[in-house]
């Protein structure tokens, strides 16, 4: 079995996990929730295994490098970190409804990576600009941040749905964690994501200083990551200084995730230094 | 808010490419917009006076707000004897309660060392109903947010130092030659270095698929003609000397006149050009011959393609990619797009991600040269920078990471264990507050209460 096969299988496992979680939410069967958790765990193991195999395969091809060098690999890594962070939250909050909003994102990322005609899953050699140990630090920290923001996005949507049903008449929403808990989780995820986005931007800057000769060159990717950073900084200030909470924070969090998505995908449409067609 | 307005205006700079040729701008935007954008410095907006002005505003804003709040925080953080307000703890909604057999003083003896081990500072007070143990930790973390703000100011300061005292320049050095001056950008001034950089050799290697693998320049630093330092530089591994950083940036071949050996002159291949068209949909490949200026019809209805020019030294994102054809692809019912076809990189056009991938079938021109064979002499293109602000910026980086961690994940935590004397049993009430993450604090209070209950006989 090759890493590509394993990762394709992982895509379907994530799909199954998403279905289990959704069924657990809708049909209120504990067993389904537990099935979801185990499936997600197996998926995460396959995801990590696939990345490791890919790493080994690249060495067998004689062009060994960490599997974090193009769009395909970054999407796979993103899905993996997202599921792992989610599983930790599930363990801490003992609520597996959030899974119905987190695992579909991982599934979509994996499906997009393996099916989009624009994304090649071939292992390509690294071009000189990417040959650096900073590659690993930069990509891992950025994607930890992105995954945290993705989960914050899912939680924000749950919060907004929950908010609409104040009397608790809806059967489906009554099983969500309390609005207060969702709000706090959203905030925690944003703080976590913000810290890692900061480290990601910083490691990128230090890397740029040794590759391009300047730590900041206002390249579109850099600028957009800074824009994202500003948006989440605004969220944190609004909450800590202005005491904003709930709905407004949830909307801002969704808005921030849109900026994340643009930084990730949209920037490739703009001209700039990051345009290796990668990430 | 200021943060968002900086974010919004930054977007403009990502949509309009910066620092391009004025003629290109003129063509793209027309007369009126071109003049308007030019007045507003939109083509180099991140260095324009109004963008810099916003950054100054941001700095002032951070400074003023921080200093304004700091005085209050400072008093709390550096109070000699932290004071505790019992009624505040009594008013807290969340309380953990249990009871024990021993009188308050006995309980105090077993509790106090336990709590002080966990919290550091403890204080015992008598109350009207018994006694009270206060404890607290991480008071200093209230300063975390100020360290983050300080670091942002350090970053901006470092950027300022860099823009005033730093510079960036380029120089091309032929193999075997040395230079002692560079041309700085964007001013174009010549700047002496005070030492010489000699290029001993330059090498470029390629992967089997034609993508570049490594650009390597072997450099020697000469002081007054004597070699003092030698290093091979590659992309991502620059040479640093006396505050200067020397980066691998580009390369090229010396003009034929510079090479004494006779070799077939590289010239515009006047004759036929053989092109491969690979349809991305069907995967089929079509080989078609053409000449410059003659449009060809691509099968599968993929449009028309015409080679418009041959370039001896084509550039792509600032890198010299050698000989290439320039062409125009006109898809059916679509807009014409410029296509660049470097002879050395047959898979280059895949990057465009179009419906058809075009490549040039190997010509009888000069081959790519991994390791310069006799007769070909390269020059290496170096970027030389000096930025005394980097150290300040890096300090800012470290401080911002530590500061964010403290601000987000550590809080000033205070607990109060009240022991009320009863007839036979003592009642213990555990409460606590934190300036952040209140929910996490509730769990901590619960845990502390459980631990204390374990220490209590008869609870």
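The values are calculated or read from the model by the stated rules, or taken from the named source; none is laboratory data. All values derive from a computational prediction rather than experimental measurement. Every residue, glycine as well, gets a Cβ built from its backbone with ideal geometry; the counts of neighbours run over all protein chains shown.
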From the list A:129, A:137, A:111, pick out the single residue that is in contact with a helix residue (DSSP H, G or I) (Cβ under 6 Å, 6 or more places away or on another chain), within 10 Å of another protein chain (Cβ to nearest Cβ) and surrounded by fewer than 23 Cβ atoms within 10 Å (Cβ to Cβ). A:129
Pick from B:94, B:20: which is within 14 Å of chain A (Cβ to nearest Cβ), outside any helix (DSSP H, G or I), surrounded by 12 or more Cβ atoms within 10 Å (Cβ to Cβ) and modelled with pLDDT under 70? B:20
When (1) facing chain B (nearest Cβ under 10 Å); (2) modelled with pLDDT under 85; (3) out of contact with any strand residue (DSSP E or B) (no Cβ under 9 Å at 6 or more places or on another chain) are applied to residue A:212, the one that fails is (3)
Would you be able to say whether some residue in region A:83-93 is over 19 Å from residue A:197 (Cβ atoms) and at pLDDT below 90? yes
Quick one: count up the residues across region B:216-245 that are in a loop (DSSP other than H, G, I, E, B) and out of contact with any helix residue (DSSP H, G or I) (no Cβ under 9 Å at 6 or more places or on another chain). 4
Which residues, taken from region A:215-225, are under 20 Å from residue A:255 (Cβ atoms) and either at the interface with chain B (Cβ under 7 Å from one of its Cβ atoms) or part of a loop (DSSP other than H, G, I, E, B) (or both)? A:220, A:223, A:224
Out of (1) more than 27 Å from residue A:206 (Cα to Cα); (2) within 14 Å of another protein chain (Cβ to nearest Cβ); (3) in a strand (DSSP E or B), the one residue B:179 does not meet is (2)
Residue B:290: over 28 Å from residue B:250 (Cα atoms) and without any contact (Cβ under 8 Å) to a residue 24 or more places away in the chain, yes or no? yes
For region A:174-207, give me each residue that is more than 10 Å from chain B (Cβ to nearest Cβ), in contact with a helix residue (DSSP H, G or I) (Cβ under 8 Å, 6 or more places away or on another chain) and more than 22 Å from residue A:252 (Cβ to Cβ). A:175, A:204
Just give me the residues in region B:409-446 being touching a residue at least 40 places away in the same chain (Cβ under 8 Å) and part of a helix (DSSP H, G or I), in sequence order. B:442, B:445, B:446
So, in region B:228-239, exactly how many residues are at pLDDT 90 or above, over 13 Å from residue B:382 (Cβ atoms) and within 11 Å of chain A (Cβ to nearest Cβ)? 0
For region A:226-235, what are the residues that are surrounded by fewer than 22 Cβ atoms within 10 Å (Cβ to Cβ) and more than 7 Å from chain B (Cβ to nearest Cβ)? A:229
Do we have residue A:243 as touching a residue at least 60 places away in the same chain (Cβ under 8 Å) and more than 10 Å from every other protein chain (Cβ to nearest Cβ) here? no
When restricted to B:127, B:122, the only residue at pLDDT 80 or above and within 17 Å of residue B:433 (Cα to Cα) is B:122
Just name the residue that is farthest from residue B:46 (Cα to Cα) out of those in region B:182-198 that are within 30 Å of the chain's Cα centre (by Cα) and outside any loop (DSSP other than H, G, I, E, B). B:197
If we scan region A:151-168, do we find a residue that is farther than 27 Å from residue A:246 by Cα, in a helix (DSSP H, G or I) and touching a residue at least 24 places away in the same chain (Cβ under 8 Å)? no
